[in-house]
1. If you stretched the chain out fully between Asp124 and Asp72, how much longer would it get, using 0.36 nm times the residue separation minus the C-alpha to C-alpha distance?
2. Work out how much length Thr92 to Arg164 would gain on full extension: take 0.36 nm times their residue separation and subtract the Cα-Cα distance, in nm to one decimal.
3. Out of the trypsin sites (Lys or Arg not before Pro) in the stretch 111-180, which ones are loop residues according to DSSP with at most 15 other C-beta atoms within 10 Å?
4. Please work out the C-alpha center-to-center distance from the stretch 100-154 to the stretch 5-84 and express it in whole Å.
5. Each residue of the stretch 170-183 in turn: what ³J(HN,Hα) in whole Hz from Karplus with 6.51, -1.76, 1.60 and θ = phi - 60°, glycine and Pro shown as x?
6. With θ set to phi - 60° and the Karplus curve 6.51 cos²θ - 1.76 cosθ + 1.60, what are the ³J(HN,Hα) couplings of the stretch 54-70 in order, to the nearest whole Hz, using x for Gly and Pro?
7. I need the per residue convex hull volume for the stretch 16-55, using only the alpha carbons, in cubic angstrom as a whole number.
8. Please work out which option in (i) 39, 35, 33; (ii) 63, 35, 25; (iii) 59, 33, 33 gives Cα extents along the principal axes in Å calculated from these coordinates, and answer with its label.
Amino acid sequence: MTRPRGRPARGQGVTREAIVDAALALLGEEGGAGLTMRTLAARLGVTPMSLYHHVTDRAGLLRALSEQVYGDVLSGVGQSGDPVAGIRMLLTRYYDLVVAHPQLTLAIFAEPAAFAGASREITDRLTALLAAVTPGHIVWRDILVDHAHGGGLALIAARTDAARVEALRAGYRQALDCLLAQLTTA
């Protein structure tokens, strides 16, 4: 396969949306190690430099993916006035997205500079909601985030067994309810 040189042909430019969509697909297929600017550019039929007009670097690409995937997690969270209900809503939505896009979570873990934007906003909102419930909000944040990540990433191995996936999802929600019950009694 020959690599395209120079700019794409007239009218063949690449958009940020196309970059993010292709990167998300590549990440799901190849994992974090397979998501490079060169591989992504080859998939899109452009030079790697074409990507840098839309994302600053690999961490910027991961932040853009995070915005697309996690961007709606906070919608309506905390509006009921019940911080525990807001925590449950936020974590359940986030967990479902970790399940749907485990390689994104792993890629963000591997690249600390990618932890910004939507990922940071989710963490900050969770921290604020927990602060309204307990003085130990930082410890509880870490417990609940680790629980969402562990529960969601555990499904990587179970993806081909629908019954097991559903059982693990139900188990996550049941465990989350137990943790939240402890949170409110602590």
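Readers should treat all values here as calculations from the given coordinates under stated rules, not as data from a laboratory. From a predicted model like this one, the values you see are computed outputs, not experimental measurements. So basically every Cβ, Gly included, is an ideal-geometry build from the backbone, and we count neighbours across all protein chains shown.
1. Fully extending the segment from Asp124 to Asp72 adds 17.2 nm.
2. 24.1 nm
3. Sites meeting the loop and neighbour criteria: Arg159.
4. When both Cα centres are located, 20 Å separates them.
5. With coefficients 6.51, -1.76 and 1.60, one gets 5, x, 4, 5, 5, 5, 4, 4, 5, 5, 5, 5, 5, 4 Hz.
6. Each residue of the stretch 54-70 in turn: 10, 9, 6, 5, 4, 4, x, 5, 5, 5, 5, 5, 4, 4, 5, 6, 9 Hz.
7. Cα convex hull per residue, to the nearest whole number: 54 Å³.
8. Computed from the coordinates, Cα extents along the principal axes in Å corresponds to (ii).
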